[in-house]
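Heads up: the structure comes next, in structure tokens.
Every read-out reported here was derived from the displayed coordinates using simple, explicitly stated rules and does not represent laboratory data. All values reported here derive from a predicted model rather than from experimental measurement. We place every Cβ from the backbone using ideal geometry, glycine too, and count neighbours over all the protein chains shown.
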Amino acid sequence: MARQRAGKPLFNCKACGGSFPKWSGQCPDCGGWNSLEEGVVAEGTTKNPRFAGYAGDASQNRVQLLTDVKPKSEGRFSTGIAELDRVLGGGLVAGSVVLIGGDPGIGKSTLLIQTLAQLSDRLSTLYVSGEESPEQISLRAHRLGLPCENLQLLPETCVERILPLAQKHHPDVMVVDSVQTLYTELLQSAPGAVAQVREATAQLVRFAKQSGTAIFLVGHVTKDGSLAGPRVLEHMVDAVLYFEGEAGSQFRLIRTIKNRFGAVNELGVFAMTDRGLKEVSNPSAIFLSRHQTQVSGSIVMVTREGSRPLLVEVQALVDESHLGNPRRVTLGLEQNRLSMLLAVLHRHGGIAMFDQDVYVNIVGGVRITETAADLAVLLAVLSSLRDRTLAQDLVAFGEVGLAGEIRPVPNGQDRLREAAKHGFRCAIAPKANVPKKAIPGLEVIAVERLSDALDAVL
Ligand code: TYD
Ligand code: MG
């Protein structure tokens with residue numbers, strides 16, 4: 001990091017947070033283009049110790065053996081919203097800082113005001129808003145019918161004024177909406193600038209660790225979907241949650257991207273209603289669109305997002321291509337993975353797609369990041385190509401290897417049990433995933449090679 005005298009301009013990278021005395025088109029640190037923007041070093045900031053984590057009281061720090069350190073049980077408490085507890089790893093930890101990101105209008109403020117109102121009858125809460133006026137917040141809370149007699153509100157964007165008030169009222173849970181509207185008097189750049197966001201967050205993190213107040217920070221996302229501001233923001237906080245799902249759809253998914261107190265990739269499912277966000281307790285049921293008649297190109301798979309299995313429908317459309325390069329379009333799935341799977345299908349299944357456009361969609365706006373979708377994708381593609389419907393009570397999952405083998409996926413039994421629970425009678429699964437003890441009501445077709453799976457459905 002460049003050392004600069006106060007008052008001189010300093011250029012900060014929007015992507016990595018690096019700072020340099022001179023502007024350049026490419027960030028020397030992260031290589032990003034056009035990401036440097038001007039800020040000013042104010043009096044006193046160069047002497048300020050940069051604080052990006054928690055080191056405790058510096059005067060008492062000493063070298064010690066790990067075995068001598070007694071593990072402090074983290075004070076976890078329920079937020080009153082089970083799906084939110086799930087993505088937080090089983091509840092909110094006192095003194096933790098949770099960053100919640102998502103597109104505008106997806107429901108970040110709604111979720112947090114609901115959470116705070118739920119908590120306000122047993123804990124002290126504070127909602128710091130830099131985006132909406134107190135009247136707007138009150139209107140929303142009334143419309144949602146929230147119990148907010150004890151909910152404290154603070155319309156403020158200056159960190160130096162927020163922190164003394166927070167210290168005085170000492171809330172157990174505090175929401176800051178949003179981090180991009182905050183500014184610190186230490187720096188002269190505009191609110192939302194990288195340096196401001198970073199410095200303001202650092203001060204809030206320090207406050208959370210010292211006071212034991214759990215803080216929810218709302219973060220904006222940029223056009224390409226990542227959190228605005230430097231990546232360093234994600235390193236500073238304890239947990240990062242992301243709102244996913246299409247704005248048009250009723251369902252909202254929250255995914256854990258980072259969690260110092262629990263597992264990542266955990267998925268919470270909500271529905272946006274006219275009374276705010278409602279938890280969806282049986283998410284498998286909502287992602288299955290119920291066709292009246294069987295259609296080709298559709299199959300149900302069991303994915304496992306975080307700690308629970310989830311049934312989702314995979315749809316494929318294969319259409320004759322008039323392009324030199326046939327199209328490979330995916331929604332909710334990685335595109336390169338589809339190209340790879342089609343190559344495996346050609347080499348090991350003898351089915352060519354070079355003259356076909358292939359579209360694959362995961363229904364309901366779910367994004368699947370695991371390889372267990374491979375087999376279901378290929379079966380859906382094949383079903384569409386041949387215009388042959390697959391049985392409606394059939395599920396499939398399994399990873400497809402480049403050698404045409406079907407590889408096992410984690411937690412096969414859980415997935416099969418979830419399928420049986422929802423009334424599916426037949427499952428195509430990797431051989432190594434088949435349980436020794438049969439699952440009542442479910443016939444499992446064990447497959448080792450891609451050709452076995454193709455034989456089973458055609
Ligand atoms: P909001 O929480 O303000 O979004 P964010 O803070 O992420 O920008 O959500 C606003 C959207 O949610 C808005 O488009 C309307 C919708 N909404 C409902 O459908 N029902 C409701 O009860 C509420 C409060 C909002
Ligand atoms: Mg908002």
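Values computed for the structure shown
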read-out: Nitroxide proxy distance, nm - points 7 Å out along Cα→Cβ at Glu37 and Ser138; value: 3.4
read-out: ³J(HN,Hα) computed for each position of the stretch 117-130 - Karplus, 6.51 cos²θ - 1.76 cosθ + 1.60, integer Hz, glycine/proline x; value: 4, 4, 7, 5, 7, 10, 10, 8, 10, 9, 10, 9, 10, x
read-out: Length gained when the stretch Ile439-Gln294 is fully extended (0.36 nm per residue, less Cα-Cα span); value: 49.6 nm
read-out: Top positive-direction residue, dipole computed over the chain with Cβ charges, set Leu375, Val295, Leu116; value: Leu116
read-out: For q = 0.08, 0.16, 0.19 Å⁻¹, Debye-computed log10 I/I(0) when each Cα of the stretch 76-281 counts as one equal scatterer; value: -0.23, -1.03, -1.56
read-out: Taking the convex hull of Cα positions in the stretch 286-457, its mean projected area over all directions (nm²); value: 9.2
read-out: Residue-span extension gain [Ala285 to Gln250] - 0.36 nm each, minus C-alpha spacing; value: 11.2 nm
read-out: Sorted by Cβ neighbour density within 10 Å, fewest at the top, the residues Thr256, Thr303; value: Thr256, Thr303
read-out: Residue-wise HN-Hα coupling along the stretch 270-276, computed from phi with Karplus coefficients 6.51, -1.76, 1.60 (Hz; x: Gly, Pro); value: 10, 10, 8, 10, 6, 10, x
read-out: Under-5 Å amide H pairs with Lys258, H placed in peptide plane, nonlocal only; value: Val240
read-out: Amide H contacts under 5 Å for Phe216, placed H, 5+ residues apart; value: Val98, Met174, Val175, Val176
read-out: Positive-end residue of Leu65, Leu450, Asn361, charge dipole of the chain with Cβ unit charges; value: Leu65
read-out: Whole-Hz ³J(HN,Hα) from phi, Karplus 6.51 cos²θ - 1.76 cosθ + 1.60, for the stretch 335-350, glycine and proline x; value: 5, 4, 5, 5, 4, 5, 5, 5, 5, 5, 4, 6, 5, 9, x, x
read-out: The chain: mean projected area of Cα convex hull, nm²; value: 27.2
read-out: Amide H partners (placed H, <5 Å) of Val444, local residues excluded; value: Ala427
read-out: Residue-span extension gain [Glu448 to His235] - 0.36 nm each, minus C-alpha spacing; value: 72.5 nm
read-out: At R0 = 30 Å, FRET efficiency that the Cβ-Cβ distance of Gln210 and Ile257 yields, to 0.05; value: 0.70
read-out: Magnitude of the charge dipole, the chain, Cβ model with Lys/Arg +1 and Asp/Glu -1, debye to 20; value: 980
read-out: Size of electric dipole in the stretch 76-281: Cβ of Lys, Arg +1 and of Asp, Glu -1, about Cα centre, debye, nearest 20; value: 360
read-out: Sites His170 and Asn336, calculated FRET efficiency, Cβ-Cβ separation with R0 51 Å, nearest 0.05; value: 0.50
